[in-house]
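To start, the structure itself, in structure tokens.
The values are calculated or read from the model by the stated rules, or taken from the named source; none is laboratory data. No experiment lies behind these values; they were computed from the predicted model shown. When we count neighbours, we look across all protein chains shown, and the Cβ atoms used for this are built from the backbone with ideal geometry, even at glycine.
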Amino acid sequence: MKQDMTPQTPAAPVTPEELVAQASALVPAFMARQLQTEADRRVPQVSIDDCIRAGLYKSQQPARYGGYEHDLDGFAGLAAMVASGCGSTGWV
């Protein structure tokens, strides 16, 4: 499968703090899915979809490919917030 790496229009600027707030709003849902995550031995697709809709995966994506291009500190804070709801989801 070939991945499209064509440069895109940069996304509207979003600060790491704004993404952490987005993740914070998802923490209760991630917590509610912890048992399912453990039983299935994988992060539920709905949790991944939540992260996509919230823009969390764009944190370290280069701006020229539509991401937010945050530094490692910003990403670490985001990952810690997600992991506070579900450790497994925090890894993806």
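Before moving on, here are some points about what is shown:
- Residue count for the stretch 55-66 satisfying the condition of being over 19 Å from Ala32 (Cβ atoms) and within 12 Å of the chain's Cα centre (by Cα): 6.
- Matching entry among Gln60, Gln36 (being farther than 19 Å from Ala21 by Cβ and not aliphatic (A, V, I, L, M)): Gln36
- Elements of the type helices (runs of 4 or more DSSP H) sitting completely within the stretch 8-92 and holding at least 3 residues that are modelled with pLDDT of 95 or more and surrounded by fewer than 17 Cβ atoms within 10 Å (Cβ to Cβ): these cover 16-32, 34-40, 45-54, 72-85.
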